[in-house]
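Shown next, in structure tokens, is the structure this report addresses.
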Amino acid sequence: MTPLIINGIELPIHTGIDSQRYETVGGSTTLRMHSGRAIKQTHYRKLSISISGSGWMPAGLAGLDTGVPVDVWCFQPRSILTTALTVTVTTDVRPDVAPWVLAYVRGEWVPVASVTAGRVVTITQRPDATQYAVYWLPRLSVLLDDIPEDLDATTGTYTWQITGQEV
């Protein structure tokens with residue numbers, strides 16, 4: 001598993017990183033026209049993240065200043081399915097893990113070459129592919145909520161969770 005990195009610090013595996021969740025927040029409203037037809041008005045879209053762990057070592061996050069944005073290198077991939085050969089991913093990309101692409105060929109997903117420049121991924125065409133899946137690991141600037149941490153003294157297990165929103 002690719003490590004979780006927050007402000008340049010890799011969280012140790014013993015912190016028991018369990019899960020990560022993305023959710024889109026804010027900036028859109030569904031409106032009804034006079035005829036009753038729905039339209040969606042969107043001003044912005046940002047990600048909310050939630051990462052939790054349960055292990056035999058505390059996460060070591062007490063020193064994070066939750067009043068300023070922190071740099072989070074996520075471990076859960078994001079993906080886009082496409083038939084195009086050029087895709088713009090929706091977040092910055094972790095610099096230590098290049099985006100990767102799979103081509104759907106005769107009922108199977110197979111790796112295919114690609115080149116990335118910033119957020120743009122250019123796929124090397126595979127003539128027998130019907131579609132492509134582009135994957136990347138996001139690097140986000142996030143304002144974090146306060147970080148709850150617990151200890152179950154009977155099992156010696158520490159649990160923690162970070163939640164926040166992309167700036």
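The values are calculated or read from the model by the stated rules, or taken from the named source; none is laboratory data. As the structure is a computational prediction, the values presented were derived from the model and not from experiment. In this analysis, Cβ positions are derived from the backbone assuming ideal geometry, glycine residues included, and neighbour counts consider all displayed protein chains.
Quick check: anything in region 54-62 surrounded by 17 or more Cβ atoms within 10 Å (Cβ to Cβ) and part of a strand (DSSP E or B)? Taking every residue of region 54-62 in turn, at least one turns out to be surrounded by 17 or more Cβ atoms within 10 Å (Cβ to Cβ) and part of a strand (DSSP E or B). The criterion of at least 2 residues that are of a type in the set (V, I, T) and under 21 Å from the mean Cα position of the chain (by Cα) is met by the following strands (runs of 3 or more DSSP E) wholly inside region 99-165: 114-117, 120-123. Across region 4-21, the qualifying residues are those that are within 12 Å of F75 (Cα to Cα) and touching a residue at least 60 places away in the same chain (Cβ under 8 Å), and the one among them that is surrounded by the fewest Cβ atoms within 10 Å (Cβ to Cβ) is I5. Filter region 16-45 for residues that are among the hydrophobic types (A, V, I, L, M, F, W, C) and within 21 Å of the chain's Cα centre (by Cα) and give the result. The answer is I17, V25. Only residues that are exposed (fewer than 15 other Cβ atoms within 10 Å of the Cβ) and of a type outside the set (S, T, N, Q) were counted across region 64-84, and they come to 6. Restricted to region 39-61, and to residues there that are touching a Leu at 6+ places or on another chain (Cβ under 9 Å) and among the aliphatic types (A, V, I, L, M), the residue that is nearest to L144 (Cα to Cα) is I49. Of all residues in region 69-82, at least one satisfies being of a type outside the set (A, V, I, L, M, F, W, C), in contact (Cβ under 8 Å) with a residue 24 or more places away in the chain and within 16 Å of L143 (Cα to Cα).
Is at least one residue of region 121-128 over 19 Å from T86 (Cβ atoms), outside the structural domain of K46 (by TED's automatic domain parsing) and surrounded by 11 or more Cβ atoms within 10 Å (Cβ to Cβ)? No: zero hits. The residue that is surrounded by the most Cβ atoms within 10 Å (Cβ to Cβ), counting only those in region 89-111 that are farther than 26 Å from P3 by Cβ and not aromatic (F, W, Y), is A103.
Taking the criterion of being of a type in the set (S, T, N, Q) and surrounded by 12 or more Cβ atoms within 10 Å (Cβ to Cβ), the residues of region 33-53 that qualify are S48, S50, S52.
All conditions in (1) modelled with pLDDT of 95 or more; (2) in the same structural domain as I5 (by TED's automatic domain parsing); (3) farther than 21 Å from L143 by Cβ hold for P58, with the sole exception of (1).
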